[in-house]
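These notes are about the structure you will find just below.
The values are calculated or read from the model by the stated rules, or taken from the named source; none is laboratory data. Source: prediction; values computed, not measured. Reconstructed Cβ throughout: ideal geometry from the backbone, glycine too, with neighbour counts over all protein chains shown. Just so you know, the surface numbers come from the protein's heavy atoms only, side chains and all, with ligands and any DNA or RNA stripped out. Shrake-Rupley method; radii C 1.70, N 1.55, O 1.52, S 1.80 Å.
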There are 2 protein chains.
Amino acid sequence: MPTQPDPVLRLLWRHGAGEPQGPRRGRKQRLSVDDVVDAAIRIADRDGLSGLSMRLLATDLGLGAMSLYTYVPGRDELLALMVDRALGRRELPAMPDGLPDRMALIARVQYEELQEHPWLLEISGLRAWVGPGASDRYEWQLSGLEGVGLDDIEMDQTVALLSGFVGSVVQAQQRIRQDERTSGLTQAEWWAANADELDVVMAGRSYPLAGRVGAAAGEAYQAATDPAREMEFGLARIIDGLMSYIEGKQAAQR
Amino acid sequence: MPTQPDPVLRLLWRHGAGEPQGPRRGRKQRLSVDDVVDAAIRIADRDGLSGLSMRLLATDLGLGAMSLYTYVPGRDELLALMVDRALGRRELPAMPDGLPDRMALIARVQYEELQEHPWLLEISGLRAWVGPGASDRYEWQLSGLEGVGLDDIEMDQTVALLSGFVGSVVQAQQRIRQDERTSGLTQAEWWAANADELDVVMAGRSYPLAGRVGAAAGEAYQAATDPAREMEFGLARIIDGLMSYIEGKQAAQR
DNA sequence: CATCTATTCCGTACGGCGTACCAAAAAGTT
DNA sequence: AACTTTTTGGTACGCCGTACGGAATAGATG
């Protein structure tokens, strides 16, 4: 008694040869699923996930609200399609020679992707469907780690480590941007405006380290015109750690 | 012309000595802000952030919906209070002796916290207010890295690296759990139920590495009763990388 | 050609959300 | 006792995702 296959798979892999594509009965669709997904991505890039409503998307496409549901079963499924298409649209550069460079490239691609589509980070608590975009990406990531001495599980964990780290870095950046957007103040201005209040309110408690380090970090980050600098430290440490692990494995094998 | 201080700060630091606390006019509040925040945390622990609505919380507390707004200005502010209180309620263990153990402890505390309050990961796109819980936590994290040879900015980045990594690990775990919950199938069952469909739908494309690695990872993870195993690999590499960086700095200084 | 059937389109509507507004109730101040 | 301040909670507004059903339109069939 096999369970029914996931209906969303057909939609995710709609460009494959698996689709019949014969001339079908009934009124024709004015648009394609790709049109819908692309428009949704455009809106989400601009206004975030919360700014993407089915009604808005529909009118943006010149459709009535409910007509969207002939293209896509629901909002969650639309989001899944958006994720996979965003992944799929990016062209994946050839892997360079050195392993550290390949790791850095995996991270950099992820970084640029998340800068371009910040809403990818807002998608949590959603199912992780396997589509062509995600599959191509995963295959590409693994191709950079194949044959270097890692076993299969370690390859998977390495990919997860690299892209997970990048995700957390970008998320931190976004939070800062969000703060500045909703408060209308830069980080420096906010601290200046709230310094007195914090003195009052923190009465009794003292944060010697947090105060010192926070101030230093605040100055450094605000001066940084290149936000990618935040990533350098962590990525360098991670790659170091991974390389020395791999070299250790190779030495043990010999 | 100084900007007005952030009104939420008073609420976040409500337990400090900064509050006047004299007997005030008017009808008395039946509950305290802590009661409200604790009830909200309880609901979010059980049903996630999307299951926490102002109406539900109010009736849970025996209040009318709008009465909540005398305790808290709005839902976003409530979430900020929940975050800070969740951080503040956890007691922070003493730092052990070795630096690697201290790093591991920082990560482990974060890990346990996110397991206990999964909704902490759902909070993104929200402002990052500075409250006593977050401040205590940050101070504690830094105390584990003080005097080891890192400068202030590196200390901040190290904390970010450790807790960011943990966040991404737990998020991956949650996504798997979410998949199993909404599909009603375990990972293994899902793949079994969709194997044929995937063959059809992937027609033409091949994923040699993704297929091999994915299968290996799938087997390993599903067999893993201890989900913390996922964290070990990455954390070990990160700590290695950090330690060798610090040792390199010390050697250069000598 | 006309008829049937499958499909898309879209207006209406339902329940849920956060929360603005306001009148009634309750407490302290005078 | 009168006044002032605050909490309470009912009603309502504008969003949201989407269930439903009728009208429009296409190919398939006679």
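Of note:
- Relative to one another, the C-alpha centroids of the range B:124-158 and the range A:44-90 are positioned 38 Å apart.
- Options A:GLY64, A:GLN29, B:PRO73, ranked by Cα towards positive dipole end of the protein assembly as shown, top entry (Cβ charges): A:GLY64
- Extension gain for the segment A:HIS15 to A:ARG181, taken as residue separation times 0.36 nm less the Cα-Cα distance, is 55.9 nm to one decimal.
- Panel values: the range A:103-236, Kirkwood radius from alpha carbon pairs, Stokes-Einstein at 37 °C and 0.692 mPa s, translational diffusion coefficient 185 µm²/s.
- Helix B:75-89 vs. chain B, principal-axis angle (Cα, 0 to 90°, nearest 10): 80 degrees
- More than 17 Å apart - percent of Cα-Cα pairs taken over the range A:130-170: 35 percent
- The long axis of helix A:229-253 is offset from the longest Cα principal axis of chain A by roughly 80 degrees.
- Label distances, nm, B:ALA195 versus same residue in remaining copies, Cβ-directed 7 Å point: 6.6
- Projected area, mean over directions - the range B:1-150, Cα convex hull, nm²: 12.3 nm²
- On the protein assembly as shown, 52 percent of the accessible area sits on carbon and sulfur atoms, based on a 1.4 Å probe.
- Simple spin-label estimate for B:GLU91 and B:ARG229 in nanometres, 7 Å along Cα-Cβ: 3.3 nm
- Global size of the range B:28-72 as Cα Rg and Dmax, reported in angstrom: 9.8, 31
- When the Cα positions of A:MET231, A:ALA188, A:VAL201 are compared along the charge dipole of the range A:91-253, A:VAL201 comes out farthest toward the positive end, with charges on each C-beta of Lys, Arg, Asp and Glu.
- Taking the alpha carbon gyration tensor of the range A:1-65, multiplying each eigenvalue by 5 and rooting it gives semi-axes of 26, 18, 12 Å, largest first.
- Here the convex hull built on the C-alpha positions of the protein assembly as shown has a volume of 202 cubic angstrom per residue.
- Contact surface A-B: accessible area buried, both sides summed, square angstrom, 1.4 angstrom probe: 6900 Å²
- Selected from B:ARG229, B:ARG25, B:ARG75 as most flexible by GNM, with chain B as the system and alpha-carbon contacts under 10 Å: B:ARG25
- A simple spin-label model places pseudo-atoms 7 Å from Cα toward Cβ; at A:ALA128 and A:ASP199 they are separated by 4.9 nm.
- Angle in degrees between helix A:132-143 and the longest Cα principal axis of chain A, rounded to the nearest 10: 50 degrees
- Helix-only [θ]222 nm of chain B, DSSP H runs n ≥ 4, -39500 (n - 2.57) each, per residue, nearest 500: -21000 deg cm²/dmol
- Accessible surface computed residue by residue for chain A, with neighbouring protein chains in place and a 1.4 Å probe, gives 51 Å² per residue.
- Translational diffusion of chain B, µm² s⁻¹ [Kirkwood Rh, Cα pairs; Stokes-Einstein; 10 °C; 1.306 mPa s]: 73 µm²/s
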